[in-house]
1. Any idea which residue in segment 161-180 is farthest from Glu150 (Cα to Cα), counting only those that are touching a Gly at 6+ places or on another chain (Cβ under 9 Å) and buried (at least 22 other Cβ atoms within 10 Å of the Cβ)?
2. Determine, yes or no, whether Ile164 is β-branched (Val, Ile, Thr), at pLDDT 95 or above and closer than 24 Å to His201 by Cα.
3. Which of the following residues is among the basic types (Lys, Arg), surrounded by 17 or more Cβ atoms within 10 Å (Cβ to Cβ) and closer than 20 Å to Leu102 by Cβ: Arg83, Arg29?
4. Which of the residues that make up segment 21-55 are touching a strand residue (DSSP E or B) at 6+ places or on another chain (Cβ under 8 Å), touching a residue at least 60 places away in the same chain (Cβ under 8 Å) and under 16 Å from Glu211 (Cβ atoms)?
5. For residues that are hydrophobic (A, V, I, L, M, F, W, C) and in contact (Cβ under 8 Å) with a residue 60 or more places away in the chain, tally how many sit in segment 101-139.
6. Before we move on, is Ile182 in a helix (DSSP H, G or I), in contact (Cβ under 8 Å) with a residue 12 or more places away in the chain and over 14 Å from the mean Cα position of the chain (by Cα)?
7. Can you confirm whether segment 205-219 contains a residue that is of a type in the set (A, V, I, L, M), in a helix (DSSP H, G or I) and closer than 12 Å to Asn167 by Cα?
Amino acid sequence: MKPIIGITSHIEQESKYVLNRAYVNAIVRAGGIPLIVPASIEDDVSKLVQKLDGLLLSGGGDIDPTLFGEEPHPGLGEISPLRDSVEMVLIHEMLAVNKPILGICRGIQILNIAMGGNMYQDIYTQQDEVLLQHSQIATKSHRSHFVQVENDTILHSIAQAERIKVNSFHHQAVKDVPKPLIVSGVASDGIIEAIESKIHHFVVGVQWHPEELVESEDGVSIRLFKKFVQACVK
């Protein structure tokens, strides 16, 4: 049977739930059944988790820094406390029953925070080093920079290479990664691009947008979604 994959959605102007079609298309192509999850189901998360075979944490706006013990930096953008709250509960519930999670862009960040880590609220003002252009001025399907992939990781088994090329649309990023998470991919400027759990069945986060690259027939992105959906079947 095809697995049911919950995909979190973005709240737009506190009146709409929004999700780019590329997430849905990527899950369908990989053999899953996508279920869009609205950010207003906190009281029913446990019941929803019983029905889900996997969780895709989608991209979107910024994250409330008080979740990791900080106050708002001047470079912080628009946040959605309701979405943050629901996703944190979803992550904890999915981890507790060892169901697969894939975090994309914002998703890698909220995953890291839920597991005890933190993040840069704005990489361009909180880093002394000269950084790459992480908010690319190019089409979503353009792969703009490289990521070094760590050996003996889920990402390496998917990438089948030590270096891959990705797209990039973010100004926040993972900072400190707590156990059982490890860093599995890093950009040339040191920004963390991928993390994964060493003790869970499949818990992976990536900073780029593979769903957009699936549509341009990028092999790594296609294999990432297939591996995720296959993990949800198991």
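1. Gln172
2. yes
3. Being among the basic types (Lys, Arg), surrounded by 17 or more Cβ atoms within 10 Å (Cβ to Cβ) and closer than 20 Å to Leu102 by Cβ holds for just one of Arg83, Arg29, which is Arg83.
4. Listed by number, the residues that qualify are Tyr23, Ile27, Gly32, Gly54.
5. Residues meeting the conditions: 9.
6. The answer is no for Ile182.
7. Yes - at least one qualifying residue is present in segment 205-219.
Residue-wise test of (1) in contact with a helix residue (DSSP H, G or I) (Cβ under 9 Å, 6 or more places away or on another chain); (2) among the hydroxyl-bearing types (Ser, Thr, Tyr); (3) assigned to a helix (DSSP H, G or I).
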position: Val24; (1), (2), (3): yes, no, yes
position: Ile27; (1), (2), (3): yes, no, yes
position: Ile36; (1), (2), (3): yes, no, no
position: Ser46; (1), (2), (3): yes, yes, yes
position: Leu95; (1), (2), (3): yes, no, yes
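The values are calculated or read from the model by the stated rules, or taken from the named source; none is laboratory data. Predicted model only: the values in this text are computed from it and were never measured. When we count neighbours, we look across all protein chains shown, and the Cβ atoms used for this are built from the backbone with ideal geometry, even at glycine.
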